[in-house]
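Asks: Below: one structure in structure tokens.
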Amino acid sequence: MRMPRRGLVIQARTRWLLVGLALLFSLVLLMYLLECAPQTDGNGSLPGVVGESMGKEYYQALLQEQEEHYQNRATSLKRQIAQLKQELQEMSDKLKSLQEKKTPKVNGMNYQGTKEQTSNDLLEFLHSQIDKAEVSVGAKLPSEYGVIPFESFTSMKVFQLEMGLTRHPEEKPVRKDKRDELVEVIEAGLEVINNPDEEDGQDEDDGVGDRQLYSENDFIEGYYRTERDKGTQYELFYKKMDGMEYRHVTLFRPFGPLMKVKSETVDISRSIINVIVPLAGRTEAFAQFMQNFRDVCIHQDKRVHLTVVYFGQDGLSEVKSILESVARETDFHNYTLVSLNEEFNRGRGLDMGARAWEKGEVLMFFCDVDVYFTAEFLNSCRLNAEPGKKVFYPVVFSLYNPAIVYANQDIPPPVEQQLVHKKDSGFWRDFGFGMTCQYRTDFLTVGGFDLEVKGWGGEDVHLYRKYLHGDLMVVRTPVPGLFHLWHEKHCADELTPEQYRMCIQSKAMNEASHSHLGMLVFRDEIEAHLRKQAYRTNSEPVG
């Protein structure tokens, strides 16, 4: 009985302790409220109208204080924004100055007089990247393997040399960054054309209303290449549908913003191309070549001269007959037939064709009888060769043996239907340098071909190396309008070991794709597998 009584006492004491704590807490809370109440003057007025007025003033003062605080904050932010705008404007001015060429000097004085050139280290570095890159002048290179080739592109496709196992010779850009890059470059070129600077050669009297504005639809083709330690160079060409003038814009991205190098108008309306073809025999191939020449050069381009250098007497009369027949049917007489009664030598034939021209400067296209080209290629030839400045070495798309490519068809399709850029139909002939566009004076100045080279191969590489060792720029890029048609190749015993090796290599490369050659190598194994499959199918019980 004593234990429950003691528990009641403890419980009662606990209640009184809790009540005491509650009263203490209430007293502290009351003192806090009195301490925080708004102060009044000494008239001792009770809460009422006057007291309420003083309370409003207090809270209004608090609001005013907060408002001033935020106004000061806003003023500070505005000041910071103004500073940022000023810095942004300075940066914009610097970027704009990147678009301007260095100010030319006359007798060591600044051409613009009092205008001071920037000493910004970044600007100097970016300009030095352009100066070091092979943009305006050619670089002397030790061999043909030192050239950084361009890759060509249109608004829809890219034509590329580096394919590997997944890429194709012609494809739409798959990666979004590559698509965005090319779109940006095309738009940047349009910005340069449609908003020209004074140095771009536009007449001051030509207002915006009098000047033709270009759009994305006027973009014809472009080339780009990247020098890994300098930047990416872009050559862009635009043309109105009904015009003959091309606008050429060169841009350079020195691992930073795009920088304009130059913008110019290129008039190719009077640019004659002398197509030079060395030939010995092969009259059937020549007849096919002349059909392409008739369609492209005579009917479409109409600014071409043909020079045929024929070796030997066998087939000469037939070649004359083909030329006369074309001249009679099309009223085309801009051709020259040079006859050499000697052994075939491609370098000598092209050299003779170049020297046979007696009308001064001319753009030459060194061609072969097995080459098929389009009218668009002829314009690319004109746009990428410039006397004393650059020569054009397009990469040809070489077609495989149609008997292998179209083995599943009764007969191969017509040549015009074979002209597609696919892995199994052909390859970019990046080891061939025989097709080239260059001006006659440049060819003669560099010394022409090495006429000591006999027979097949080698002469084109020697000429190519001469340009690489000189100061002219070499434009090397795949072009979609230039094809090498397949033909049977014979490697003569008279060739030197080096020439014979090159001939065999070329023969193997020309025959078929890797996959098609693999099917031929393992044909017996494949046929045995098919026979086993057929036997198993026939051996299975029916029903």
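The values are calculated or read from the model by the stated rules, or taken from the named source; none is laboratory data. As the structure is a prediction and not an experimental result, all values here were calculated from the model. So basically every Cβ, Gly included, is an ideal-geometry build from the backbone, and we count neighbours across all protein chains shown. The area values use the complete protein model at the heavy-atom level, side chains included, leaving out ligands, DNA and RNA. Shrake-Rupley method; radii C 1.70, N 1.55, O 1.52, S 1.80 Å.
Asks: Kindly check whether there is at least one residue in the stretch 228-237 that is surrounded by fewer than 20 Cβ atoms within 10 Å (Cβ to Cβ) and of a type in the set (G, A, S).
Replies: For the stretch 228-237, residues surrounded by fewer than 20 Cβ atoms within 10 Å (Cβ to Cβ) and of a type in the set (G, A, S): absent.
Asks: How do the strands (runs of 3 or more DSSP E) wholly within the stretch 315-433 filter down when requiring 2 or more residues that are of a type in the set (S, T, Y): which remain?
Replies: In the stretch 315-433, 335-340, 390-399 are the strands (runs of 3 or more DSSP E) which contain 2 or more residues that are of a type in the set (S, T, Y).
Asks: Take the residues of the stretch 378-430 that are open to solvent by less than 30 Å² (accessible area, probe 1.4 Å) and of a type in the set (S, T, Y): which is farthest from H516 (Cα to Cα)?
Replies: Among those residues, the one meeting the criterion is S380.
Asks: Another one. Considering E498, E488, E525, E494, which residue is open to solvent by 90 Å² or more (accessible area, probe 1.4 Å), part of a helix (DSSP H, G or I), in the same structural domain as G281 (by the TED database) and not aromatic (F, W, Y)?
Replies: E498
Asks: Okay, moving on. In the stretch 501-522, how many residues are at pLDDT 85 or above and open to solvent by less than 60 Å² (accessible area, probe 1.4 Å)?
Replies: Counting residues in the stretch 501-522 that are at pLDDT 85 or above and open to solvent by less than 60 Å² (accessible area, probe 1.4 Å) gives 1.
Asks: Looking only at the stretch 431-448, count how many residues are under 22 Å from the mean Cα position of the chain (by Cα) and surrounded by fewer than 16 Cβ atoms within 10 Å (Cβ to Cβ).
Replies: 1
Asks: Looking only at residues in the stretch 221-252 that are closer than 16 Å to A188 by Cβ and hydrophobic (A, V, I, L, M, F, W, C), which one is modelled with the lowest pLDDT?
Replies: F252
Asks: Further question on the same structure: Can you confirm whether the stretch 156-169 contains a residue that is open to solvent by 80 Å² or more (accessible area, probe 1.4 Å) and modelled with pLDDT of 85 or more?
Replies: For the stretch 156-169, residues open to solvent by 80 Å² or more (accessible area, probe 1.4 Å) and modelled with pLDDT of 85 or more: present.
Asks: Working only within the stretch 300-314, note down all residues that are without any contact (Cβ under 8 Å) to a residue 60 or more places away in the chain, part of a strand (DSSP E or B) and more than 17 Å from G281 (Cα to Cα).
Replies: Correct list: H305, L306.
Asks: Kindly indicate whether C367 is under 18 Å from A285 (Cβ atoms), open to solvent by less than 20 Å² (accessible area, probe 1.4 Å) and at pLDDT 95 or above.
Replies: Yes, satisfied.
Asks: Identify, by number, the condition in (1) under 27 Å from A508 (Cα atoms); (2) in a helix (DSSP H, G or I); (3) in contact with a helix residue (DSSP H, G or I) (Cβ under 7 Å, 6 or more places away or on another chain) that F443 doesn't meet.
Replies: Of everything listed in (1) under 27 Å from A508 (Cα atoms); (2) in a helix (DSSP H, G or I); (3) in contact with a helix residue (DSSP H, G or I) (Cβ under 7 Å, 6 or more places away or on another chain), F443 misses just condition (1).
Asks: Next up: Only one of (1) free of Cβ contacts under 8 Å to residues at least 40 places away in the same chain; (2) over 28 Å from G347 (Cα atoms) is not met by K466, so which one is it?
Replies: (2)
Asks: Is it true that D471 is open to solvent by 70 Å² or more (accessible area, probe 1.4 Å) and more than 26 Å from the chain's Cα centre (by Cα)?
Replies: No; evaluated as a whole, the condition is false for this residue.
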